[in-house]
Amino acid sequence: TPLIYKAISTWFVNVESIKDRMVSHNKTVHWVPTHIRDGRFGKWLGNARDWAISRNRYWGTPLPIWRSEDGDILCFGNVADLEEAVGQKITDLHKHFLDDLLIQQNGKTYRRISEVLDCWFESGAMPYAQQHYPFENKELFEENFPANFICEGLDQTRGWFYTLVVHAAALFDAPAFRNCIVNGLILAEDGKKMSKRLKNYPDPVEMLDRYGADAIRLYMLNSVAVQGESLRFSEQGLVEVTRSVLLPLWNSLSFLSTYAEIDGWEPTEANLAVEKNNPLDRWILSHLQGLITEVHSAMDLYELNKASAPFVDFINLLTNWYLRRSRRRFWKDGRGQDKMSAYATLFLVLRGLSKIIASFVPYVAEGIYEALRREDDPISVHLDYFPVVDEKSRDLGLEARMDLVLTAVNMGRALRAKHQLKIRQPLQRLFLITRDPEAQRILNELDALLLDELNIKELVLTENEEDLVGLSAQANFRVLGKRLGKHMKEVADHIKTLDLQDIRSLQDGGSVTLRHTDGEVTLTVEDVLIQRSQREGLLVESSGNVTIALDTELNASLIKEGLAREFVNKVQHMRKEQDFAVMDRILIRYKSSNIVGEALNAFQDFICTETLCEKLILEENLGSDWDINGEICTIKIERMNLST
């Protein structure tokens, strides 16, 4: 249908007369993200014009204005005054009831004008209208205005946010709210607007059924959407959140529940108060206190992304470091002190974490809390308090030491992945190179964690990097370019000629002076990029003040152990596939090549311990064929009944 543009008479709010007050009050509001205040919204306020509030429609709130034929106007602010003017009771304020009401006054007849209000006028009146202020709830409203917090999409900078500010400035000479979170728009994966016609988005009901509300919430919270940026919604994002965060977290609860039931462990006061001497326990409990502080501080600032990202990282540390390094402690026989400490620590961490994440992933948090709830706890995590930091459990020194170990571990994992060296294949030596005495002490103190995690037999600590890698220097053009100008190329060529002594001097915090055609320049370590070239048989990775190198040479014993570990992995996979219970003892039948057979014989005790195997039998069987490092092995497992 063609549109006809036609000038018509319209009712306005005189916004320009209060614009300066609106701008001033906006300066007192805490916006998230902060750039909205003086950027998109601030500029909109600065250029505000009078607001056309009338609409020529049938449906809408009638403008409460009656006008006589000579242009005299009556405007009503409440129903009682209108009833007095028309001389009758009014029970319905819709347009078709009010339009027939005439007012006779001073010899004139007044009729209601035909226009209705812009619906955004009503939205802006929400704080007062919902309380029927000032006719009711006067004290309640005035105690709670301005609002502490509102949130809406970026598009509302010209909609609801704006109309709230206009009303508040005009009526109260005040801001309408103290804090405002602005989320970005949710777009289709291709960057276009979501469209019912194009069907360019996944069905929301299907997403909720498949992944759950918590996955969707966490995906959004941990994205640019809560930073006022547009998010291209992708189902793959829900898959990743579920796979890398929510499932591992839930599995950690299952792990605790399973082994606590096997051992008859209960979260009594005595069991929870057990001395926690293991550095892993003290480290994760310390990290939990840091998490409480970090999330609380971010929430105080209404920064949802900064509040959710830390607990996502914490879940990764809990599941991929603490639990993996602690599993064998739960598998031990008996009820030793270290095992009891592991139970108490995991229980306390999961219970505390459920309270921290309750506002973000309420259903998962409730599930964890209910599973761990003790008799005197509130019946729901949402009725419990946010955790308070226990300063006695905080150990920043231990956190720093473990961070250094994690850095080395991540470097080692990256090297293995880069060069396709499975973690199940043991290596003989790990070289750790650092000139920092404190780093050397820490890495030496926690060497058992490093070696076990990276599956390496021996740790060699040294401060002489040149023993393992070749060192050379290149100019840091980004830093030196502005300083040297036309001399940059000349000095860069000199930097390439720096010898080992010069490079080590720079690494130790010293300086090197080089000459160029018009003078000289003094360089520090920030001015150069130190290059490391690995030597044959070694894989090298560097980060900060630590360099690691893996000795990749394999002898016969290492090869056999690698085969044995691969065999264990396949058996564990079969146990899971066949739904064996955690404590089920099994019998293993296998048929393999000679090299695999030799490996299994050599490491039979290790295999039986890891898989809960009572008998390992070499014989033909109708089991499954597996690739064991290039060797075919047929494996069949059976549950054993030890009572017979």
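Where a number appears in this text, it was derived from the coordinates with a stated rule and is not lab data. Quantities reported herein were computed from a predicted structural model and do not represent experimental measurements. Neighbour counts run over all protein chains shown; Cβ positions are idealised from the backbone, glycine included.
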_Alpha-carbon centroid distance for the pair segment 325-362 / segment 608-639, whole angstrom_ = 33 Å
*Of 421, 213, 46, which is farthest on the positive side of the dipole of the chain, counting Cα position, with +1 on Lys and Arg Cβ, -1 on Asp and Glu Cβ, and the Cα centre as origin?*
46
*Scattering from the C-alpha atoms of segment 447-587 alone, worked out with Debye: what is log10 I(q)/I(0) at q = 0.17, 0.20, 0.21 1/Å?*
-0.99, -1.18, -1.25
*asked:* Under a Cβ-only charge scheme (Lys and Arg +1, Asp and Glu -1), can you give me the dipole magnitude of the chain about the Cα centre, in debye to the nearest 20?
replied: 1400 debye
*Once you charge only the Cβ atoms, +1 for Lys and Arg and -1 for Asp and Glu, what is the size of the charge dipole of segment 469-534 about its Cα centre, to the nearest 20 debye?*
260 debye
*Starting at the first residue of segment 150-157, write each ³J(HN,Hα) from the Karplus equation 6.51 cos²θ - 1.76 cosθ + 1.60 with θ = phi - 60°, in whole Hz, x for Gly and Pro.*
9, 8, 6, x, 4, 5, 7, 5
*Residues listed by number, segment 566-602, amide nitrogen under 19 Å from residue 632 label point at 7 Å toward C-beta*: 567, 570-571, 589-598
*asked:* Order these by the 10 Å Cβ neighbour count, fewest first: 317, 500.
replied: 500, 317
_Relative contact order %, segment 469-534, counting alpha carbon pairs below 8 Å whose residues are six or more apart_ = 47 percent
_Extension gain (nm, one decimal) between residue 56 and residue 389, 0.36 nm per residue minus Cα-Cα_ = 114.0 nm
*Lys/Arg Cβ at +1, Asp/Glu Cβ at -1, dipole of the chain taken about the Cα centre: which of 62, 637, 389 is farthest positive-ward?*
62
_With +1 on the Cβ of every Lys and Arg and -1 on the Cβ of every Asp and Glu, and nothing else charged, how large is the dipole of segment 398-466 about its Cα centre, in debye rounded to the nearest 20?_
520 debye
*Where does each of 110, 385, 219 land when they are ranked from fewest to most other beta-carbon atoms within 10 angstrom?*
385, 110, 219
_Extreme residue, positive dipole direction of the chain, given options 78, 477, 443 (C-beta unit charges)_ = 477
*Take the Cα atoms of segment 469-534, find their three principal axes, and give me the spread along each one in whole Å, biggest first.*
35, 20, 17
*Can you give the net charge of the other residues whose Cβ lies under 11 Å from the Cβ of residue 320, counting K and R as +1 and D and E as -1?*
+1
*Give the calculated FRET efficiency between residue 605 and residue 441 to the nearest 0.05, with a Förster radius of 41 Å applied to their Cβ-Cβ distance.*
0.75
*Which percent, to the nearest 5, of DSSP beta bridges fully inside the chain are antiparallel?*
70 percent
*Among 58, 343, rank each residue by its count of other Cβ atoms within 10 Å, from fewest to most, as a rough exposure measure.*
58, 343
_Taking 8 Å as the Cα distance limit and 6 or more residues as the minimum spacing, I'd like the relative contact order of the chain as a percentage._
8 percent
*Using the Cα gyration tensor of segment 398-466, with a ≥ b ≥ c the square roots of its eigenvalues, what is the shape: rounded (a/c below 1.5), prolate (a/b larger than b/c) or oblate (neither)?*
prolate
*Return, in residue-number order, each cysteine of the chain whose C-beta is not under 4.7 Å from any other cysteine's C-beta.*
75, 119, 151, 180, 633
_Under Karplus coefficients 6.51, -1.76 and 1.60, residue-wise ³J(HN,Hα) of segment 382-395 in Hz, glycine/proline x_ = 7, 10, 9, 8, 5, x, 9, 5, 9, 4, 5, 8, 7, 9
*What number comes out for the charge environment of residue 526, summing +1 per Lys or Arg and -1 per Asp or Glu over other residues with Cβ under 12 Å away?*
+1
*asked:* When a/c reaches 1.5 or more, the comparison of a/b and b/c decides; with that in mind, is segment 601-644 rounded, prolate or oblate per its Cα gyration tensor?
replied: oblate
*Rank by packing, highest mean first: peptides 553-559, 438-444, with packing defined as the count of other Cβ atoms within 10 Å averaged across residues.*
438-444, 553-559
*By the gyration tensor of its Cα atoms, with a ≥ b ≥ c the square roots of the eigenvalues, what is the shape of segment 1-147: rounded for a/c under 1.5, prolate for a/b over b/c, or oblate?*
oblate
_Helix-only mean residue ellipticity at 222 nm for the chain, each DSSP H run of n ≥ 4 adding -39500 (n - 2.57), per residue, nearest 500_ = -13000 deg cm²/dmol
